[in-house]
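The values are calculated or read from the model by the stated rules, or taken from the named source; none is laboratory data. The structure displayed is predicted, hence computed values, not measured ones. Every residue, glycine among them, receives a Cβ derived from its backbone with ideal geometry; neighbour counts consider all protein chains shown. Side chains are part of the model used for accessible areas, which takes the heavy atoms of the whole protein and leaves out ligands, DNA and RNA. Shrake-Rupley method; radii C 1.70, N 1.55, O 1.52, S 1.80 Å.
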Amino acid sequence: MAVLEIQNVTKTFGSGSVRAVDDFSLTVGDGELVCLLGPSGSGKSTLLRMVGGFETPTGGSIRIDGDDVTKAPPEKRPTGMVFQSHALWTHMNVFKNLAFGLKLRRLPPEEIKRRVEAILELVGLPGYGTRLTHQLSGGQQQRVALARSLVLEPKILLLDEPFASLDQHLRERLREEVRDIQQRLKITTLFVTHGQDEALAMADRIVVMRDGKMEQVAAPDTLYREPQTPFVAGFIGTMNLAEGVVSDGTFTRGPFTMPVPVGDGAAILAVRPEALGLAPGGMGDIHRVTDFGTHGIVDVDLPDGFRFKAMVPEAREWKAGQKVDLKPRAFSAYRDNAVIYRSQAAS
Amino acid sequence: MSTLVDKRRIDWAGIAFAVVLTLVIIFPLIVVGTWAFANVWRYPAIIPQEFGLRYWGTTLSRQDVWTSITMSLSLSLMVTLLSCIICLPAAYAFARMSFPARNLLFFSFLAGQAFPKFGLLVAIAGIFLHLNLIGNFWGVVMIQLVGTLLYMIWIPVAAFQSVDRRMEEAARDVGASPFRVFWSITLPQAGPTIAAAVLLSFVGTFYETEGAWLIGAPAIRTMPVLMISFINNQPVIQYGAVLSVLLWIPSFFAILFARRVVNSSSFARGFGG
């Protein structure tokens, strides 16, 4: 149906001093759902707003199915955006909210009625046309907002943290529904979120953004298992990122040492809590043990205060104050913001 | 039990408040209303000796009363209309655009209210005298227009600012041009509050006396100006009373109209409630 190409897009604010988006390129394939994931201020929303036409790029180009839309206003773009705050028009009922765009396209009234009813059916709100927006729950409002975009059959669907204002339970249900609808319609989608769960659950590919730049783009499973930078490693899931020094093939941070087959120099050792084994010893002290029933999380402090988190199958085997050794089963090492070693079990 | 007793306890503060309000607001209204329908009311009688519509007849048969009614209505309508044309786009600009000296200009509308109004009017009257605007319809329109600026800028600015920008963006997104967005989204969203401001400026202009008197005299006589001259120059109280009751009519209809057009909560929002 539609391909979105973002080429070398840059957006600066002020007098060019703030680079919200910095030389960003990405191609979203037909029917693909790509998540832009990053902390606030990483430029993900600005990028989405540039695709929607609400911001004009300072440089670079945006193409939809080959057509250059870089300078086109929002009303001239085949994109449909769902806003975080749903942004429904409170002075219109649900039907009028959905019909507004169709009326602007001068469709006959019967056709408008048919399409609105069909889209309400799709988002699970049949017969809700006469409701006023404030009579709907938060989840229903967000469904109507999604329907308002979908009813116009946009080539590209843009979602700007659409579930951020909903509670956890509703968010999980709605993201599954949205993913189902997206796959049924095979609509090319760009999705902005700062929640990694949402990204991992919905995306075909995830773009991790930092300071306006792409840090890594990969499928969810790859991103979790093979993060290319310490930032991605720390952002997706929990990761122990210990800075230390490697000399003669041994990584050292205080009493914690382990063999790492890389050249001498500073390095960051990355270990997932689930890959960090514990054994009675003397490298660190257990600060706290949290029992989740199915597993436990043990916080181990090195003498310099650095804290490791280790996942253990049985929390009751460990107690606060105990002295332990750390035994990573799988790990990676980073230097200069890139991977220099990944142990066999880690990949 | 104790909660039951609490609920039955008489709200003395509320009653006192209601009594004071009644005395201060309702009582003078009743007195004026009674005077308007009294043919004869001499001291020391508590109620008039003779009720009737005699003074209504004599008041309404006066040519100057009818001229002042038409004058007041046409002045208020013209001022409100011009005020809308001038102030609403300005309010939108203040709310949505940034331009040099924006804040200074915005607060300058307060300055007009900050000084003693009469002094300002006298100064303006001096200028108008040279411009041949004294005793002129358009002179009064201009002076009364100044009085509406504060309401008609500040309240609509607040109304436009409170319209969610995402709603407007969502409308652009589904294909509406900027003008269409303003017409179909921004205006209806800000509408109730703006309606409150328009109403306020209409009623405010209708009752405005100082400017109308100073600039308009002697050719332009509005209802309040006529009422003042009745009270000052006529020994008969009933003329003034009848005119007061007549003067309530526009505000009464304005409020009825407001309740029909605007639901009460959004109307209150327009007044900062």
Exercise for the section: Can you give me the number of residues within region A:154-168 that are modelled with pLDDT of 85 or more and open to solvent by 30 Å² or more (accessible area, probe 1.4 Å)? Expected result: 1
Problem - Breaking point among (1) part of a helix (DSSP H, G or I); (2) under 26 Å from residue B:190 (Cα atoms), for residue B:56 - result: (2)
Fill in the blank from the handout: Across region B:223-240, the tally of residues that are open to solvent by less than 60 Å² (accessible area, probe 1.4 Å) and among the β-branched types (Val, Ile, Thr) stands at 2
Problem - Residue among A:53, A:38 that alone is in contact (Cβ under 8 Å) with a residue 12 or more places away in the chain, within 30 Å of residue A:217 (Cα to Cα) and either open to solvent by 10 Å² or more (accessible area, probe 1.4 Å) or among the acidic types (Asp, Glu) (or both) - result: A:53
Problem - Residue check, residue B:14 at pLDDT 80 or above and open to solvent by less than 40 Å² (accessible area, probe 1.4 Å) - result: yes
Practice task
Identify the single condition in (1) away from chain B (no Cβ under 14 Å); (2) hydroxyl-bearing (Ser, Thr, Tyr); (3) outside any loop (DSSP other than H, G, I, E, B) that residue A:40 does not satisfy, given that it satisfies every other one.
Solution key: (3)
Practice task
Restricting attention to region A:76-92, report how many residues are more than 7 Å from chain B (Cβ to nearest Cβ), closer than 17 Å to residue A:104 by Cα and surrounded by fewer than 23 Cβ atoms within 10 Å (Cβ to Cβ).
Solution key: 3
Fill in the blank from the handout: Of the residues in region B:228-255, those that are hydrophobic (A, V, I, L, M, F, W, C), over 17 Å from the mean Cα position of the chain (by Cα) and either at pLDDT 75 or above or closer than 19 Å to residue B:78 by Cβ (or both) come to B:228, B:230, B:231, B:237, B:241, B:242, B:243
Handout entry: Hits in region B:93-116 - residues which are open to solvent by less than 80 Å² (accessible area, probe 1.4 Å), in a helix (DSSP H, G or I) and in contact with a helix residue (DSSP H, G or I) (Cβ under 8 Å, 6 or more places away or on another chain)
Key = B:94, B:95, B:96, B:102, B:106, B:109, B:110, B:112
Problem - Odd one out for residue B:77 among (1) touching a residue at least 24 places away in the same chain (Cβ under 8 Å); (2) more than 17 Å from the chain's Cα centre (by Cα) - result: (2)
Practice task
Could you tell me whether region A:44-53 includes any residue that is more than 14 Å from residue A:158 (Cα to Cα) and touching a Lys or Arg at 6+ places or on another chain (Cβ under 9 Å)?
Solution key: no
Practice task
Go through region B:31-49 and count every residue that is more than 15 Å from residue B:240 (Cβ to Cβ) and either surrounded by 10 or more Cβ atoms within 10 Å (Cβ to Cβ) or touching a His at 6+ places or on another chain (Cβ under 6 Å) (or both).
Solution key: 5
Fill in the blank from the handout: If we ask which residues in region A:202-235 are β-branched (Val, Ile, Thr), farther than 30 Å from residue A:17 by Cβ and crowded, with 21+ Cβ neighbours inside 10 Å, their number turns out to be 0
Problem - Per-region count, region A:93-104, residues within 11 Å of chain B (Cβ to nearest Cβ) and open to solvent by less than 30 Å² (accessible area, probe 1.4 Å) - result: 6
Handout entry: Single residue of region B:40-72 satisfying the filter (in contact with a Lys or Arg (Cβ under 8 Å, 6 or more places away or on another chain) and not acidic (Asp, Glu)) that is nearest to residue B:242 (Cα to Cα)
Key = B:68
Exercise for the section: Please verify whether region A:298-318 includes one or more residues that are aromatic (Phe, Trp, Tyr) and open to solvent by 70 Å² or more (accessible area, probe 1.4 Å). Expected result: no
Handout entry: Cross-chain or 6+ apart pairs with Cβ under 7 Å, region A:105-134 first and within 14 Å of another protein chain (Cβ to nearest Cβ), then in a loop (DSSP other than H, G, I, E, B)
Key = A:105/B:175; A:115/A:151; A:116/A:129; A:116/A:151; A:119/A:151; A:133/A:88; A:133/A:90; A:134/A:90
Problem - Residues within region A:51-75 that are within 22 Å of the chain's Cα centre (by Cα) and within 13 Å of chain B (Cβ to nearest Cβ), tallied - result: 5
Practice task
Give just the number: which of (1) open to solvent by 10 Å² or more (accessible area, probe 1.4 Å); (2) of a type in the set (Val, Ile, Thr); (3) part of a strand (DSSP E or B) does residue A:119 not satisfy?
Solution key: (3)
Exercise for the section: Would you be able to tell me the number of residues in region A:253-278 that are in a loop (DSSP other than H, G, I, E, B) and more than 11 Å from residue A:328 (Cβ to Cβ)? Expected result: 6
